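Colleague: Next up is a structure, given as structure tokens.
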Amino acid sequence: MTDYDFDACVIGAGFAGMYMLKRLRDAGFTTHVFETADDVGGTWYWNRYPGARCDVESLYYCYSFDEELQQEWEWSERYPAQQEILRYCQHVADRYDLRADISFSTTVESAIYSDDTRLWTLRTTTGREVTARYLISAVGCLSAARVPDFPGLDAFRGETYHTGQWPHEGVDFSGKRVAVVGTGSSGIQAIPAIARYAEDVTVFQRTPNYSVPARNRPLDPAEQAKVKADYPRLRAEARMTPAGTLAEPTGKSVFEVPEDERRAELDRRWENGGAAFLAAFADTMLNVEANEFSADYVRGKIREIVRDPDTAEKLTPRDYPLGAKRICVDTDYYATYNRPNVHLVDLRANPIETITPTGIRAGGTDHEFDAIVFATGYDAMTGPLNRIDIRGTNGQRLRDKWSAGPRTYLGVATAGFPNLFIITGPGSPSVLSNMIVSIEQHVEWVADYLEYLRDKGFTRVEAALDAEDQWVDHVNEVASATLYPKAASWYLGANVPGKPRVFMPYLGGVDVYRGICDDVAGSDYKGFLLQ
Ligand code: FAD
């Protein structure tokens, strides 16, 4: 008998929470998951907007932990659409009977640690209170949707939507005048899909983004079978790449390659489609001139595709490096602006002044709409955690500790918050990788750690402050050697007014990072205080 409810509680039932539950249950830990939604899937439960699709290829955007699972699931397209990923998550939940240990429609409001009992107490929106030895956050990096605080928003008489909280029954835009605010990854996917059936679409763009074509297509069964036959090797290879994907890097500096071959390499990647475009040259994210070569290539493509030169110019990113904001992967994005029913408003020249009862006033002009779609992104990485009242030793709040930016050891633990683990937290490669690869690595590492603690009889584990300080310095040092901090991106918190500008993900690569984590585990978890 224990004097607490669960060995571990997990917050979130997306890819991370589901696998965490399975691993801990398999290892004999009593485990319970809390999830706001009424089913599994996380990102792919919430993001049901038209055009929602993953940028990582289907055959790699899925779990690799169970050979039978990865063999039995059949993907239909090169890149999976939201509905297909959600069905996959539901299949996983059924297959391992995960729902038995998940409380749905239940949000964790607070989690408070007691050093007397070495337990976490969780309180939920359903009035439940439970205790657990370990608390594992699987709240996701991009799950705290945000709409900027536009004046007049409440007065709008039409419909409003956020891409990350899309109605389950779908939205019929036919015959409607629709505004889409935001041109990040979600906006770039949604705009062409909405433009196909709305009467009129006006896009409000603050920052033009670089986007490369996806070249999505049905997945050829022979191609699928070939990959599956070689899955163990391909998966192992992907795990040992910087981004957890098989992007076929040339490994060469752009300057080593003769000019006509450089262009041919980019042509090949543009035709092939996908974010592997960024891996054409080894120095794209390290050197401004190298980056400019690929950036200029995309600018040329925009000029080629978009017929109206003024619109093309507005869509062209010029003041930050390619890739420093998440590169977008699209289907017909730029070409959509050739449609007569699509218009672009450049918010840099014409900022939104107010939402009016009938539309949006920007740069002194009133635009009338039946619906406004906010593709305005997320309070990334720290947002979902800071929305929970998490208190560690001496009542310290996590959001206070992180008020100048997140501080973690390995992205997985933070000093002053014993027995708390964060899956793909700030300070880990997370959003700069194929997230499934990063999630599997973290979940397995944390599960192994809990087994170690149980075997050794420890009941309290905390990141040491000096180890954390060193890790934060390392994360910053690696980031500042790259071009990533040169864009006002959500990686830096720049999309949220008042959020501290700290580069949050770790840029050392999932391969290097895995080695560091393994080394920490292999040395009896150096950098942690165990009791
Ligand atoms: P999530 O899937 O975000 O799940 C977290 C869950 O926690 C949510 O269901 C949420 O409801 C729940 N939760 C949060 N707080 C609480 C609380 N207090 N109480 C209870 N429940 C809570 N990644 C890629 O690798 N490639 C891509 O191409 C890609 N495309 C993306 C496109 C979009 C539009 C978005 C939003 C994300 C994309 N991602 C992509 C990132 C994606 O989030 C991850 O790949 C992955 O789905 C994350 O899984 P997760 O379980 O960590 O988090």
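Colleague: Before rounding to the nearest 500, sum -39500 (n - 2.57) across all DSSP H runs of length at least 4 in the chain and divide by the residue total; then give [θ] at 222 nm in deg cm²/dmol.
Modeller: -9500 deg cm²/dmol
Colleague: Starting from the Cα-Cα distance between Tyr452 and Arg399, subtract it from 0.36 nm times their residue separation and give me the gain in nm to one decimal.
Modeller: 16.1 nm
Colleague: Mind computing the radius of gyration and Dmax over the alpha-carbon atoms of segment 58-196? Å is fine for both.
Modeller: 20.1, 62
Colleague: Past 28 Å, Cα to Cα: identify those pairs from Lys499/Lys526; Lys226/Lys301; Lys22/Lys456; Lys176/Lys325; Lys401/Lys486, in the order given.
Modeller: Lys499/Lys526; Lys226/Lys301; Lys176/Lys325
Colleague: Here is a further query. Pairs of alpha-carbon atoms within less than 8 angstrom and 6+ residues apart define the contacts here; what relative contact order does the chain have, in percent?
Modeller: Over the chain, the number comes to 19 percent.
Colleague: How much length, in nm to one decimal, is gained on full extension between Leu530 and Glu304, taken as 0.36 nm per residue of separation minus their Cα-Cα distance?
Modeller: 75.4 nm
Colleague: When the convex hull of the Cα atoms of segment 471-531 is projected onto a plane and the area is averaged over all directions, what value comes out in nm²?
Modeller: 5.5
Colleague: Multiplying the sequence separation of Asp469 and Glu159 by 0.36 nm and subtracting their Cα-Cα distance, what value in nm do you get?
Modeller: Extra length available between Asp469 and Glu159 comes to 106.9 nm.
Colleague: Using Cα positions and a limit of under 12 Å, work out the aspartates and glutamates in reach of Lys314, with same-chain residues fewer than 8 apart set aside.
Modeller: Filter leaves Asp346.
Colleague: Kindly work out what percent of the DSSP beta bridges joining two residues of the chain are antiparallel, to the nearest 5.
Modeller: Here the antiparallel bridges make up roughly 40 percent for the chain.
Colleague: Considering just Cα atoms, how many Å³ per residue does the convex hull of segment 200-353 enclose?
Modeller: So the per-residue hull volume is 148 Å³.
Colleague: Still on this structure, please answer the following. Could you give the radius of gyration (one decimal) and Dmax (whole number) of the Cα atoms in segment 49-92, in Å?
Modeller: Considering segment 49-92 through its Cα atoms, Rg and Dmax are 10.2, 32 Å.
Colleague: Ranked highest first by the average count of other Cβ atoms within 10 Å around their residues, in what order do 244-253, 185-194 fall?
Modeller: My ranking of the peptides, most packed first, is 185-194, 244-253.
Colleague: Right, here's the next one. Provide, as a two-decimal number, the C-alpha radius of gyration of segment 161-265 over 2.2 N^0.38 Å, N being how many residues it has.
Modeller: 1.55
Colleague: In whole Å, what are the extents of the chain along the principal axes defined by its C-alpha atoms, from largest to smallest?
Modeller: Between the extreme Cα coordinates on each principal axis of the chain lie 71, 58, 44 Å.
Colleague: Please pull out the direction-averaged projected area of segment 89-154, using the convex hull of its alpha-carbon atoms, in nm² to one decimal place.
Modeller: Projected area, direction-averaged: 7.5 nm².
Colleague: For segment 1-125, state the average projected area of the convex hull of the C-alpha atoms over all orientations, rounded to one decimal in nm².
Modeller: Average projection, Cα convex hull of segment 1-125: 8.9 nm².
Colleague: Among 19-28, 218-227, 370-379, 334-343, how do they line up from the highest to the lowest mean number of other beta-carbon atoms within 10 Å?
Modeller: Highest to lowest by the protection proxy: 370-379, 19-28, 334-343, 218-227.
Colleague: Hey, another quick one. For segment 257-348, just the Cα set please: Rg and Dmax, both in angstrom.
Modeller: Every Cα atom of segment 257-348 included, Rg and Dmax give 13.8, 43 Å.
Colleague: Residues in segment 225-251 near a label at Glu271, defined as backbone nitrogen under 16 Å from the 7 Å Cα→Cβ point?
Modeller: The answer is none.
Colleague: Which residue, Pro208, Ser294, Cys141, has the largest displacement toward the positive end of the dipole of the chain when charges sit on each Cβ (Lys, Arg +1; Asp, Glu -1)?
Modeller: Value computed over the given set: Pro208.
Colleague: Take the Cα atoms of segment 394-531, build their convex hull, and give its volume per residue in Å³.
Modeller: Considering the Cα atoms of segment 394-531, their hull volume per residue is 104 Å³.
Since every read-out is calculated from the coordinates, none of them should be taken as a lab result. Bear in mind that the values here come from a model prediction, so they are computed numbers and not experimental data. No Cβ is skipped: glycine too gets one built from the backbone with ideal geometry, and neighbour counts run over all protein chains shown.
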